Amino acid sequence: MFDPFIAPSGTLLGLLQRGRGDGTLHALAAPRSEALAALNHCVLSDPRHDWQVENRSLYYARLYLDLDGGVEEIERHLTDPEDHLDTEDSRTGLALSVLGHLASYGRGDALALLRRYAATGSNWAWALDELALRDDDAGLRSLAEPVLARFPDDPEGRADLAATVRDAYEPRPWRLWADDPRGAVGARVRAASEQGSFDRWQRQMRPGGPRPGWSVQAVFDWAQQGLERGSVLHVPAARCLAAVAGPDDRAAIVAAARSGPDAARCASLHYLAAEVRDPVVLDLIEAAATEPRGTVPDAAVAAFERMCGEDAVERARRWARRPDPLGASAAGVLAGRGGPQDAPAVLGALRDAVRGDGPDAPRLWALVDGAGRLGIACAAPVLRHIYRETSSSQLRGRTARALAATDPSFATGFAVECLWDCEETTREVAARHAETGDLRVADRLRRLAADPAEEAEVQSAVRSRIGPDAPAV
């Protein structure tokens, strides 16, 4: 999937793509046709950089309800001939999830569209999972024949069906179909279920990888073979070393970390850093990190980030000024485990990251958390910039938590719009901090408390503000 184009943060489309609470507020104030056009664009062209961790579906579904929007554009997207050419989950997953939430709110048109797509669409398994949570038994039973028709009754088709039943995310439809008295339905699903269980048992009986009794060199060889195949195995190899290595093997492991083959060096660095916490590993990490970019320097930085203890923090204070990945990693270690004396280094790294790599830089996550943990009040301006501009709703949520700890204006500012944010963790922060003197806040808290689709953590935070023992809202 290509990185999506994200519109400027000051536009309605940009706000909705980011999942910001202001997106909903601006959409409700904009002409309805303009708001629906921007909303449909987001749902049909997933704006998330990582659709597996960022939430948008409930956010967009709620806005469809507020705008009284139909599902015609979603239907055109799902029934387009492209659906059978581009079968990646990222093309249709967001639209199907939005339909699932709309169905849970009682939208019959969304439920009917999900049923039709489960019967005919390429991403039918996702649609079936949505229906498993929302549809009644009769609706699910009606899909048994069209779904099973996707699997020919031959050896290959039976194997595919067994794998599908075994790996189903939501098993409810398959359990219903297994009880179907029709031989072409119930018998096939039961046979597939039994075969899937047998396949799982066979895999458990034939585990790959290290065995008890392996030597340190055998672990190194296994990691090297994986690296040559394109599989990075040095972290599991480090855990294997912890199981097989004894005190007499330390010299060999240190030598491998200093000058062994790439896989052995990586595994040894991780073992010395995380498993035995050997002080010598800090010098080995520094030496490895100065080499040209590649597997070993990257593994050295990752090994350092896994270290605990004051020795690692002291070395991070020395390395934080370095203009390389090890310096960036050291700043992240100080952000997570440093003390008040490290606040200037964390603030400097935060500013440098934004100036050098923009508001979506991966290293910002740890630095933003650190600014909040250390209560760096003068970081508030750069945190507000990250909040406005980042396209990652996860990073924005972390920034909101940091602002709650550093910015006195958060309760009357960003916390208010966060009540409409796409991430439940961000809404939870807002529910705990938003100033209830704002009439919008009081109304929103009541709506969140009454919404059955809202997450339990958010509703707990809301109840702490509007419950019988809380101040009046």
- Task: Starting from region 283-304, keep only residues that are free of Cβ contacts under 8 Å to residues at least 40 places away in the same chain and within 20 Å of Gly226 (Cα to Cα), then list their pairs with residues that are open to solvent by 20 Å² or more (accessible area, probe 1.4 Å) and of a type in the set (Lys, Arg) whose Cβ atoms are within a distance under 9 Å, requiring at least 6 positions of separation or different chains.
- Result: Val296/Arg265; Ala300/Arg265
- Message: Regarding region 344-351, can at least one residue be identified that is within 23 Å of the chain's Cα centre (by Cα), open to solvent by 10 Å² or more (accessible area, probe 1.4 Å) and at pLDDT 95 or above?
- Response: no
- Query: Here are His26, His41: which of them is surrounded by 15 or more Cβ atoms within 10 Å (Cβ to Cβ) and without any contact (Cβ under 8 Å) to a residue 24 or more places away in the chain?
  - Reply: His26
- If Val354 satisfies every condition in (1) part of a helix (DSSP H, G or I); (2) under 22 Å from His433 (Cα atoms); (3) touching a residue at least 12 places away in the same chain (Cβ under 8 Å); (4) open to solvent by 20 Å² or more (accessible area, probe 1.4 Å) but one, which is the exception? (2)
- Task: Write out, first by first residue and then by second, each pair whose Cβ atoms fall under 6 Å of each other, whose residues are 6+ apart or on separate chains, and whose first residue, in region 362-390, is in contact (Cβ under 8 Å) with a residue 60 or more places away in the chain and open to solvent by less than 70 Å² (accessible area, probe 1.4 Å) while the second is part of a helix (DSSP H, G or I) and not aliphatic (A, V, I, L, M).
- Result: Thr390/Arg396
- Residue satisfying condition, being under 23 Å from Ser391 (Cα atoms) and surrounded by 22 or more Cβ atoms within 10 Å (Cβ to Cβ), within set Tyr117, Tyr59: Tyr59
- Task: Give me the pairs, please: first residue somewhere in region 223-236 and at negative phi, second residue anywhere and in a loop (DSSP other than H, G, I, E, B) and small (Gly, Ala, Ser), beta-carbon distance under 9 Å, and either six or more positions apart or on two chains.
- Result: Gln225/Ser231; Leu233/Gly209; Pro236/Gly209
- Message: Suppose we filter Leu85, Leu114 for residues that are hydrophobic (A, V, I, L, M, F, W, C) and within 21 Å of Gln52 (Cα to Cα); which single one remains?
- Response: Leu114
- Task: For region 272-299, enumerate the residues that are at pLDDT 85 or above, out of contact with any Cys (no Cβ under 9 Å at 6 or more places or on another chain), of a type outside the set (A, V, I, L, M, F, W, C) and open to solvent by less than 60 Å² (accessible area, probe 1.4 Å).
- Result: Glu286, Pro297
- Assuming Gly69 fulfils every condition listed in (1) surrounded by 15 or more Cβ atoms within 10 Å (Cβ to Cβ); (2) assigned to a helix (DSSP H, G or I); (3) free of Cβ contacts under 8 Å to residues at least 40 places away in the same chain; (4) not hydroxyl-bearing (Ser, Thr, Tyr) apart from one, which condition is it? (2)
- Message: I'm trying to understand the selection: among the residues of region 53-98, which are among the hydrophobic types (A, V, I, L, M, F, W, C) and over 18 Å from Ala125 (Cα atoms)?
- Response: Val53, Leu58, Ala61, Leu63, Leu65, Leu67, Val71
- Item | Test: residue in region 403-420 that is part of a loop (DSSP other than H, G, I, E, B) and either closer than 18 Å to Arg62 by Cβ or in contact with a Leu (Cβ under 6 Å, 6 or more places away or on another chain) (or both) | yes
- Could you tell me which numbered condition Ala112 fails, if it satisfies all but one of (1) touching a Leu at 6+ places or on another chain (Cβ under 7 Å); (2) open to solvent by less than 60 Å² (accessible area, probe 1.4 Å)? (1)
- Query: Can you name the residue in region 399-429 that is charged (D, E, K, R) and open to solvent by 30 Å² or more (accessible area, probe 1.4 Å) and, of all such residues, is farthest from Pro381 (Cα to Cα)?
  - Reply: Glu424
- Task: Given the conditions (1) open to solvent by 30 Å² or more (accessible area, probe 1.4 Å); (2) within 18 Å of Gln195 (Cβ to Cβ); (3) not in a helix (DSSP H, G or I), report the number of the one that Ser122 does not fulfil.
- Result: (2)
- Query: Restricting attention to region 242-262, which residues are among the hydrophobic types (A, V, I, L, M, F, W, C) and within 22 Å of Glu286 (Cα to Cα)?
  - Reply: Ala251, Ala252, Ile253, Val254, Ala255, Ala256, Ala257
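The values are calculated or read from the model by the stated rules, or taken from the named source; none is laboratory data. Because the structure is a prediction, the values reported are computed rather than measured. FYI the Cβ positions are ideal-geometry reconstructions off the backbone, even for glycines, and counts take in every protein chain you see. All accessible areas refer to the heavy atoms of the entire protein, side chains included, with ligands and DNA or RNA removed. Shrake-Rupley method; radii C 1.70, N 1.55, O 1.52, S 1.80 Å.
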